[in-house]
Amino acid sequence: MNSTGNRSRRIAFRAAAAFALLLGAPRPAHSAARIARGMNASMLSAFPFSTADDGDEKDEREQELYEGGTDAIDESHWQQAVEKFDQVIQMHGKRADAALYWKAWAQNKLGKRQDALATLGELKRTAPQSRWMNDGKALEIEIRQASNQSISPEAQSDCELKLLAINGLQQMDPERAVPML
């Protein structure tokens with residue numbers, strides 16, 4: 001094939017590759033690099049090759065750290081769990097709210113109740129609509145009860161949380177618990 005034919009094929013291939021990138025077609029990392037070698041700088045600026053890959057790598061790293069934290073919990077390595085979940089939280093990704101809850105849970109297991117309550121406060125501030133909020137509220141009640149703080153069932157909006165608070169009252173000294181009922 002002559003040089004004009006090769007050039008036309010290369011141009012067609014590059015155009016097809018650029019179109020596929022615009023459509024978000026999955027591609028191996030090495031293909032983006034191979035395409036990039038053949039394009040000039042002005043063509044490259046229109047197609048941010050690394051953006052999708054970087055997002056995928058960030059998601060994978062977040063997942064890896066999150067799983068490391070849950071594995072540490074499964075193995076009762078509370079401090080290691082706190083450290084892993086801290087890293088997930090600092091990434092501000094899609095698992096940050098879950099990491100806040102599990103970090104507080106591990107802190108409570110370490111006996112760091114005030115730190116756990118502060119972490120739950122951060123969950124309330126940063127993700128008030130999170131699906132982890134109810135679990136966080138229940139954990140907060142458990143922590144406060146373990147710290148001999150009284151929890152008023154009337155102050156709880158959720159029926160399950162009220163039952164948890166009442167259960168905690170049953171574990172308290174009757175002289176303190178009865179007036180709250």
Table column - 3J(HN,Hα) (Hz), region 95-100, Karplus curve with 6.51, -1.76, 1.60, x for Gly and Pro:
9, 4, 5, 5, 5, 4
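What's the extension gain from Thr126 to Gln63 if we count 0.36 nm per residue and subtract their Cα-Cα distance? If you can, show how the numbers build up before the last one.
Working: separation 63, 0.36 × 63 = 22.68 nm, distance 1.98 nm.
The Thr126-Gln63 span can extend by a further 20.7 nm.
Beyond a 24 Å Cα-Cα separation, which of these cross-linked pairs lie in this structure: Lys58/Lys112; Lys58/Lys109; Lys94/Lys137?
Distance filter (> 24 Å) returns Lys58/Lys112; Lys58/Lys109.
Using a cut-off of 14 Å between beta-carbons, work out the net charge of the residues near Glu75 (Lys and Arg +1, Asp and Glu -1, Glu75 not included). Please report the intermediate quantities before stating the final value.
Details: positive: Lys84, Lys109; negative: Glu67, Asp71, Asp74, Glu83.
Overall, the nearby charge balance is -2.
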So, R0 is 30 Å and r is the distance between the beta-carbons of His77 and Asn148; what FRET efficiency does that work out to, to 0.05?
0.60
List the GluC sites (Glu not before Pro) in region 67-100 that DSSP assigns to loop (not H, G, I, E or B) and whose Cβ has at most 11 other Cβ atoms within 10 Å. Which are they?
Glu75
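Readers should treat all values here as calculations from the given coordinates under stated rules, not as data from a laboratory. Since this is a predicted model, take the numbers as computed values, not measurements. Backbone-built Cβ (ideal geometry, glycine too); neighbour counts: all protein chains shown.
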